[in-house]
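**Q** Structure provided below as structure tokens; questions to follow.
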């Protein structure tokens, strides 16, 4: 036994030495919307699972407050490169503005996994996101069904340069144009901006201008859908008088779906996005081959199907379990 004990201790020490520790920076587009909180929770869930497998991952969560602060997001990426983190999981605010800092990171041997929204670069290790064009198609078909294939609709855009929402807008616009000749898009050049307050102000202007003729509206993210919802309520056009189809979950939009003030939500899986973003990053850091493009899926949720288990899970991710 005197001989075996040191051997056993040596084995334990060797196993401990082999355990990997990574610092992974997760950088969202913003930090206020519930969508990003779900991504954060998913990232922490992945770290917990990896810890149980003997791989320690320290998730460092930091991003700009507003989803239109490109300069701040660039600075966040540059700061993490300077700190020498193991890897970066990034939801780029702008497909072009974030190219330089991301390529600087990769050249410094810090791999980058893109989540949520595309980047005009081939250097990231992988992209984990929704098929956003498909999400726009789902939104168009839902709104068209609500209108019986006839009507006059508004496409409320979000932010110029945001690939994810631009793809949703393109999916919506193309589908209405190709499949529903009885529907006219009467406004498609207004941007909601980064917050529900800016979205509400833009929505109020649109309703003042087109309120006498609009029959349906598509809002392609959480803040634009919330802002338009509030404007419709204030103007007395909610409750289905003007059909509203939104994108992403939020406390107000989910409640409005149940109440009948919103008639459809195209829902992503941000929890899964954050989870797979970190898991994919650690796989890349470990030298494993990863898929270049990973689709996290999206679903159309309505008042009729929102209580189904699969839909309820998307609408109510387990944030409290991971975000203390």
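The values are calculated or read from the model by the stated rules, or taken from the named source; none is laboratory data. Being a predicted model, the structure only gives us computed values, none of them experimental. Neighbour counts run over all protein chains shown; Cβ positions are idealised from the backbone, glycine included.
**Q** For the stretch 134-143, give me each residue that is more than 14 Å from residue 248 (Cβ to Cβ), crowded, with 18+ Cβ neighbours inside 10 Å and in contact with a helix residue (DSSP H, G or I) (Cβ under 9 Å, 6 or more places away or on another chain).
**A** 137, 140, 141, 143, listed by residue number.
**Q** Another one. Residues to consider are 195, 165, 251; find the one that is under 18 Å from the mean Cα position of the chain (by Cα), in contact (Cβ under 8 Å) with a residue 12 or more places away in the chain, over 28 Å from residue 119 (Cα atoms) and in the same structural domain as residue 137 (by TED's automatic domain parsing).
**A** 251
**Q** While we're here: Kindly provide the set of residues from the stretch 223-279 that are under 20 Å from residue 307 (Cβ atoms) and in a loop (DSSP other than H, G, I, E, B), ordered by number.
**A** 240, 248, 249, 250, 260, 261, 262, 263, 268, 269
**Q** Is it true that some residue in the stretch 122-142 is over 14 Å from the mean Cα position of the chain (by Cα), closer than 25 Å to residue 228 by Cα and in a loop (DSSP other than H, G, I, E, B)?
**A** Scanning the stretch 122-142 turns up no residue that is over 14 Å from the mean Cα position of the chain (by Cα), closer than 25 Å to residue 228 by Cα and in a loop (DSSP other than H, G, I, E, B).
**Q** Would you be able to tell me the number of residues in the stretch 143-162 that are more than 17 Å from the chain's Cα centre (by Cα) and in contact (Cβ under 8 Å) with a residue 12 or more places away in the chain?
**A** Final tally of qualifying residues: 12.
**Q** If you check residue 164 against the conditions, is it in contact with a strand residue (DSSP E or B) (Cβ under 9 Å, 6 or more places away or on another chain), over 21 Å from residue 130 (Cβ atoms) and in a helix (DSSP H, G or I)?
**A** The answer is no for residue 164.
**Q** Out of the stretch 144-184, which residues are buried (at least 20 other Cβ atoms within 10 Å of the Cβ), under 17 Å from residue 206 (Cβ atoms) and out of contact with any helix residue (DSSP H, G or I) (no Cβ under 8 Å at 6 or more places or on another chain)?
**A** 151
**Q** A further question on this structure: What helices (runs of 4 or more DSSP H), lying completely within the stretch 1-115, carry at least 1 residues that are modelled with pLDDT of 95 or more and surrounded by 12 or more Cβ atoms within 10 Å (Cβ to Cβ)?
**A** 34-52, 70-83, 99-107
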